[in-house]
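What follows is a single structure, written as structure tokens, with notes after it.
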Amino acid sequence: MLHRHPRVRLALLLGPPMLWLGVAYLGALAALFVTALWTQNGFTGVIERQWTLDSFRTLFTEDVYRTIALRTIGVAVLVTLVDAVVAFPIALYMSKVARPGLRRILLVAVLMPLWASYLVKAYAWRGMFSEGGLVSSAFNAVGLESPGYGLTATVVTLAYLWLPYMILPIYAGLERLPNSLLEASADLGARTGHTIRRVIVPVVIPAMVAGSIFTFSLTLGDYIAVRIVGGTNQLLGNVVYDNVGAANNLPFAAAVATIPVVVMLVYLAAVRRTGAMENL
Amino acid sequence: MKKSFAVVSFAVLALLAASCGTSGGDSGGSGSNDTAGGFTPPDLKKLETLGAGEGKLSVLAWPGYAEDGSNDPKVDWVSSFEKETGCQVTVKTFGTSDEAVSLMKTGQYDVVSASGDASLRLIAGGVVEPVNTGLIKNYADVYPFLKDRPWNSVKGQMYGVPHGYGANLLMWRTDKVKPAPTSWSAVFDANSPYKGAVTAYDSPIYIADAAMYLMATKPELGIKNPYALDDKQFQAAVDLLKQQKGLVSEYWSDYLKEVQAFTSGNSVIGTTWQVIANVAKGEKVPVDVTVPTEGVTGWSDTWMLSATSKSKNCGYLWMNHIVSPKANAAVAEYFGESPSNGKACAETADKNHCTTFHAGDQAYSEKIWYWTTPIEQCLDGRTDVKCADYAKWTQAWTSIKG
């Protein structure tokens, strides 16, 4: 009977996922935004359902939140840049230089860190950045002072954690680049550097931007790594966590949480122009 | 296609927004905006008679308050409780009073060990219910000066059982900090030689430690109570903490993180609890603790019963067990605090424990600045100024960390 009613079939097919998208995704976003417009009893922490813009007013008038938002965006940009710079040669080697057998091994090696727990990796970096740890001994050996816990450690840890998310899109983008283009470039007398600059990079930029969506958004929301290796620093995620977990101020936490959403929307709008969405 | 999707999603958002709309504050804190002395807690009934145990109990506790031998086989006062009462205990620990309040509000826990900066908020929010102390046999032995206090009772009605009290101490690495410090200036002074290796407690309530330090070092501010700070005093404490941030390597609220930081040497001096020093010493880290000359902040804890608990009988049995001489002695000794039951002093392994912690010494216990929730009405009795409330403390804490 279903085959006679294509519309019913379509509705049944698309209904559940659309409902999921509507309720679980957009609904949650709406609930977040609505909560941000409520207020809370400072003593008991009970939410009072009265419309107010107080949370947003605090958010925009207190300097500290601007500082934290800018710091978070700065860290996200740095992590993305570090990942892009590190991932490009790895992906290039994997897709254009390595033999097929080695290529498969490298692919597994890139994916392997994703099998280990996030916390284990973050705490491993905590150990390395601690006094007498690997990083500080290495710095001391060349007569430098170890950066210790702080933003440097946070950027390094996050860049390490999200690296696979950058390598894979770039690798996929390079796979699609025909070898004949590289040969043509060489035949026309271009050196390797020239080929990379004029042929490979233009092809790979959209793939890099696609990868950056992952590294950028994952960093914007992270609060655990910075707690483990960030010393006294706090990012937007910590402010949200402190307001939910400690201060019981859900409305304010919701207001803070809208910042990354807005930043991501702006970023995605900018990214759409590069055509990176087709590379996801 | 894209446009219509945007329209649909906007419509969904608008619909949801409308359906979640305002309810005119009918779920607001029932009268809890009132003054400290005069706030009216929600009308909840206390248990009249005790029935049989329900077979399970979910405990929310400070680390070290409900040990079942899994951390150290010799440290165990939960197993005997389970054997006697048949109530199977699950324990969840928390790192700050704020965490305790938000966890307790989920209704998943039956009993909680609440410090003074959490207890009143729990009572006012209707999260915990009044406790019928007549049903708790060991309550009679609890020190009288711990009963009917502003942080554990409202209008003569107890909301729990006093557990014990203790102080936030100064801990340092004996091999890296010389000479042994006697003052909090080691962690607050801008010229502290331990710059970059200081640790501090990651909670707004830590502002009180700075206020207490100012009380001794800057008498011209006129601070009488570190939890009652007018605008000028509050600003001075916040400024001191902002200056301290330059010295801090990291803030701690997870006690294992502090132990690890002291083990690696990333932190060499800072505020701590006795139990943390005990754990660190157990791992052969050379640390020592002291009560600095400026005084100490501290806690006086109360076991409270969730209003929505389905294991209230087990909850009462637990409250009776935890202040029984044996268990109370074991907790007090392990955590490093004074017991609430005078009879516990005969049960401690170290016979000097109660002397060391001044158990039962009312004069000493009055000298500790117990964690209290700061409110707008100044707790030191001033009526001509408004004091910074806890919401302000919380926001200031975020700006201190920057």
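Yes or no: the range B:112-135 includes at least one residue that is part of a loop (DSSP other than H, G, I, E, B), hydrophobic (A, V, I, L, M, F, W, C) and either more than 14 Å from every other protein chain (Cβ to nearest Cβ) or under 25 Å from residue B:154 (Cα atoms) (or both). Full working, then the answer.
The first filter runs over the range B:112-135 and keeps only residues part of a loop (DSSP other than H, G, I, E, B), leaving B:115, B:125-127, B:130-132.
Restricting the remaining residues to those that are hydrophobic (A, V, I, L, M, F, W, C) gives B:127, B:131.
Next, from what is left, pick out any that are either more than 14 Å from every other protein chain (Cβ to nearest Cβ) or under 25 Å from residue B:154 (Cα atoms) (or both): B:127, B:131.
Scanning the range B:112-135, I find at least one residue that is part of a loop (DSSP other than H, G, I, E, B), hydrophobic (A, V, I, L, M, F, W, C) and either more than 14 Å from every other protein chain (Cβ to nearest Cβ) or under 25 Å from residue B:154 (Cα atoms) (or both), so the answer is yes.
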Just wondering, is there one or more residues in the range B:61-69 that are open to solvent by 30 Å² or more (accessible area, probe 1.4 Å), over 30 Å from residue A:34 (Cβ atoms) and modelled with pLDDT of 85 or more?
yes
Filter the range B:136-146 for residues that are over 21 Å from the mean Cα position of the chain (by Cα) and either β-branched (Val, Ile, Thr) or within 14 Å of chain A (Cβ to nearest Cβ) (or both) and give the result.
B:136
I need a count of the residues in the range B:314-331 that are over 19 Å from residue B:157 (Cα atoms) and open to solvent by 10 Å² or more (accessible area, probe 1.4 Å).
6
I'd like the full set of residues that are within 9 Å of another protein chain (Cβ to nearest Cβ) and under 26 Å from residue B:229 (Cβ atoms), limited to the range B:247-256.
B:248, B:250, B:251, B:253
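Identify, please: which residue in the range B:209-233 is basic (Lys, Arg) and in a loop (DSSP other than H, G, I, E, B) and is, among those, farthest from the chain's Cα centre (by Cα)? Quick ask: steps written out before the conclusion?
Narrowing the range B:209-233 to residues basic (Lys, Arg): B:218, B:224, B:232.
With the extra rule that they be in a loop (DSSP other than H, G, I, E, B), the set shrinks to B:218, B:224.
Numbers: B:218: 27, B:224: 22 Å.
If we take residues in the range B:209-233 being basic (Lys, Arg) and in a loop (DSSP other than H, G, I, E, B), then B:218 is farthest from the chain's Cα centre (by Cα).
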Exactly one condition in (1) within 14 Å of chain B (Cβ to nearest Cβ); (2) at pLDDT 90 or above is not met by residue A:252; state its number.
(2)
How many of the residues in the range A:260-276 are buried (at least 19 other Cβ atoms within 10 Å of the Cβ) and under 17 Å from residue A:31 (Cβ atoms)?
1
Could you say whether any residue in the range B:287-310 is out of contact with any Cys (no Cβ under 7 Å at 6 or more places or on another chain) and in a helix (DSSP H, G or I)?
no
May I ask you to list the residues in the range A:21-45 that are without any contact (Cβ under 8 Å) to a residue 24 or more places away in the chain, surrounded by 11 or more Cβ atoms within 10 Å (Cβ to Cβ) and within 25 Å of the chain's Cα centre (by Cα)?
A:21, A:22, A:23, A:25, A:26, A:27, A:28, A:30, A:31
Which members of the range B:244-279 meet the condition of being part of a strand (DSSP E or B) and under 18 Å from residue A:153 (Cα atoms)?
B:248, B:249, B:250, B:251, B:252
Kindly indicate whether any position in the range A:222-233 is among the β-branched types (Val, Ile, Thr), open to solvent by 30 Å² or more (accessible area, probe 1.4 Å) and at pLDDT 90 or above.
yes
Tell me, which helices (runs of 4 or more DSSP H) lie completely within the range A:33-140 with 2 or more residues that are among the aromatic types (Phe, Trp, Tyr)?
A:54-61, A:63-92, A:118-129
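Pull up the range B:342-361, narrow it to residues that are outside any loop (DSSP other than H, G, I, E, B) and not hydrophobic (A, V, I, L, M, F, W, C), then point me to the one that is most open to solvent (accessible area, probe 1.4 Å).
Here is the first cut: in the range B:342-361, the residues outside any loop (DSSP other than H, G, I, E, B) are B:342-346, B:353-356.
If we keep only those that are not hydrophobic (A, V, I, L, M, F, W, C) too, we end up with B:342-343, B:353, B:355-356.
Working: B:342: 30, B:343: 115, B:353: 8, B:355: 99, B:356: 82 Å².
Checking each candidate, the answer is B:343.
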Among the numbered criteria (1) among the hydrophobic types (A, V, I, L, M, F, W, C); (2) touching a helix residue (DSSP H, G or I) at 6+ places or on another chain (Cβ under 8 Å); (3) open to solvent by 30 Å² or more (accessible area, probe 1.4 Å), which single criterion is violated by residue A:64?
(3)
Output for the range B:174-207, where each listed residue is charged (D, E, K, R) and either surrounded by 20 or more Cβ atoms within 10 Å (Cβ to Cβ) or outside any loop (DSSP other than H, G, I, E, B) (or both)
B:202
So which of A:52, A:61 is over 20 Å from the mean Cα position of the chain (by Cα), of a type outside the set (A, V, I, L, M, F, W, C), more than 11 Å from residue A:251 (Cα to Cα) and more than 7 Å from every other protein chain (Cβ to nearest Cβ)?
A:61
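Hey, does the range B:345-352 have a residue that's over 22 Å from the mean Cα position of the chain (by Cα), of a type in the set (A, V, I, L, M) and farther than 30 Å from residue B:57 by Cα?
Keep residues of the range B:345-352 that are over 22 Å from the mean Cα position of the chain (by Cα), which gives B:345-352.
Retained after the next criterion (residues that are of a type in the set (A, V, I, L, M)): B:346, B:349.
Checking the rest, the ones that are also farther than 30 Å from residue B:57 by Cα come to none.
Scanning the range B:345-352, I find no residue that is over 22 Å from the mean Cα position of the chain (by Cα), of a type in the set (A, V, I, L, M) and farther than 30 Å from residue B:57 by Cα, so the answer is no.
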Search the range A:222-240 for residues being more than 19 Å from residue A:66 (Cβ to Cβ) and either over 18 Å from the mean Cα position of the chain (by Cα) or not in a loop (DSSP other than H, G, I, E, B) (or both), and hand back the single one that is farthest from the other protein chains (Cβ to nearest Cβ).
A:225
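The values are calculated or read from the model by the stated rules, or taken from the named source; none is laboratory data. Everything quoted here is computed from the prediction, not taken from an experiment. Every residue, glycine as well, gets a Cβ built from its backbone with ideal geometry; the counts of neighbours run over all protein chains shown. SASA here: full protein model, heavy atoms, side chains in, ligands and nucleic acids out. Shrake-Rupley method; radii C 1.70, N 1.55, O 1.52, S 1.80 Å.
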